[in-house]
Amino acid sequence: MNNQFDSAHSYPIKTRQFLQQLGIRHPILLAPMAGTSTPELAAAVSNAGGLGSLGLANATAELARQAIQQTRQLTSKPFNCNFFCHQPPQQDLATEQVWLEYMCPYFQAFGALPPKTLKPVNFSLIDNQPIVDMLLQEKPAVVSFHFGIPMPDVIRQLQQAGIILLASATSLAEAKIIEAAGINAIVAQGIEAGGHRGIFNRDIDPAIGTHDLVRLFTAHTSLPIIAAGGIMDGHDIQYVLELGACAAQLGTAFVICDESAADPVYRQRLQDPAFQATHITASISGRPARGLMSAWHTQVDQPERPALSSYSYLYDLAKQLNALASQQGNHDFSAYWAGSNVARIRRLNATELMHTLIDELHQAKTKPSAYP
């Protein structure tokens, strides 16, 4: 494999400029998968010349600090820290009670009753000064946002600290908001992407594919574009670069790497053709997210399903039901996030996968595009 090439002479000029801005060698970013990414996984990707990521949406300021410091013990290279920026939820007890009643039979099937009250399980960078203070102290190279962007003063403080900022967009309207806010680059998250959709409003999803988003954003914004969604190999990366992206972000491709926190059942199902169909549901967390088909899609998402409770109060219920079912050997209520091209997943450790992606990327540069 030829992965020691001089990237300064191998990529389009705007990609070279973006790589220089990030301080990395190859246009490959690890998606920040909360609950699955680890310091070991982030460091392996960064050490191989990409940009590793930590998904810290479910971490307190102190836990996030620990993850950053642990990653720094494993790499001296840049890496990304990702946070959610949804509006802090207002608990709607009436809607919540209807949902608890709807889910009661699923708990009863495992010999239990649903909890009486719920709590949010993911944090938002909106109105979260402890996280902001931690970031200003730790100064990770890159910070990225999902579900929206923080307030202008937070953006200003982070950039004044020398931190490069990225934000996910699923529509041109969102991309324009990101650009106007002065954020450094846009993650174009297509409908094919695994995990939570980055939509700012959970009720409005444009459902645009990755390739079309890249074309749209490059035509109508001036920021570097990072393509995300359905990208599994170096040929996919090369194609989005041809479309105008400066880099690609991959998540599902890395989930079964040794360094990830995915549990054994998650790893097995990602590789089993019988489980590789994916679909989007909002019933798990309260926000749309793509994962392997499960009881959430086939049983819970019925026409009579009531209105969803607030994110991430709903997620608390899903996690409790999954814990109960899993203890009894039933994994049909697990949230196994995965992108639409999961069937092309490969069993490699993170370093091997990075080297393979880089090699494929440069093989693809020498051949006519295999895409329309």
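Taking the condition of being on the phi > 0 side of the Ramachandran plot and either crowded, with 23+ Cβ neighbours inside 10 Å or modelled with pLDDT of 95 or more (or both), how many residues in the stretch 123-169 meet it?
Step one: list which residues in the stretch 123-169 are on the phi > 0 side of the Ramachandran plot, which gives 127, 139, 147-148, 162.
Restricting the remaining residues to those that are either crowded, with 23+ Cβ neighbours inside 10 Å or modelled with pLDDT of 95 or more (or both) gives 139, 147-148, 162.
Total meeting the criteria: 4.
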Report task. Just need a number here: residues in the stretch 351-372 that are under 22 Å from residue 189 (Cα atoms) and either modelled with pLDDT of 95 or more or surrounded by 20 or more Cβ atoms within 10 Å (Cβ to Cβ) (or both). Result -> 5
Query raised in the report: For the stretch 291-304, does any single residue satisfy the condition of being crowded, with 17+ Cβ neighbours inside 10 Å and either of a type in the set (Lys, Arg) or in contact with a Leu (Cβ under 9 Å, 6 or more places away or on another chain) (or both)?
Result: yes
Requested in this report: Among the residues of the stretch 105-122, count how many are under 19 Å from residue 285 (Cβ atoms), surrounded by 12 or more Cβ atoms within 10 Å (Cβ to Cβ) and of a type outside the set (S, T, N, Q).
Outcome: 7
Query - All positions within the stretch 182-213 that are touching a Ser or Thr at 6+ places or on another chain (Cβ under 9 Å) and part of a helix (DSSP H, G or I) - result: 213
Query raised in the report: Taking the stretch 310-350 on its own, how many of its residues are within 21 Å of the chain's Cα centre (by Cα), surrounded by fewer than 16 Cβ atoms within 10 Å (Cβ to Cβ) and outside any loop (DSSP other than H, G, I, E, B)?
Result: 2
**Report entry** All strands (runs of 3 or more DSSP E) inside the stretch 22-139 with 2 or more residues being among the acidic types (Asp, Glu) and over 30 Å from residue 233 (Cβ atoms)
**Finding:** none
Requested in this report: Determine, yes or no, whether residue 240 is assigned to a helix (DSSP H, G or I), touching a Gly at 6+ places or on another chain (Cβ under 8 Å) and surrounded by 19 or more Cβ atoms within 10 Å (Cβ to Cβ).
Outcome: no
Report summary line: Scanning the stretch 239-276 residue by residue, those in contact with a helix residue (DSSP H, G or I) (Cβ under 8 Å, 6 or more places away or on another chain), of a type in the set (D, E, K, R) and over 30 Å from residue 365 (Cα atoms) turn out to be 269
Query raised in the report: Only one residue in 129, 160, 97 is closer than 27 Å to residue 325 by Cα and free of Cβ contacts under 8 Å to residues at least 12 places away in the same chain. Which one?
Result: 97
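The values are calculated or read from the model by the stated rules, or taken from the named source; none is laboratory data. Remember, it's a predicted structure, so these values are computed and weren't measured experimentally. Cβ coordinates were reconstructed from backbone atoms using ideal geometry, including for glycine residues, and neighbour counts include every protein chain displayed.
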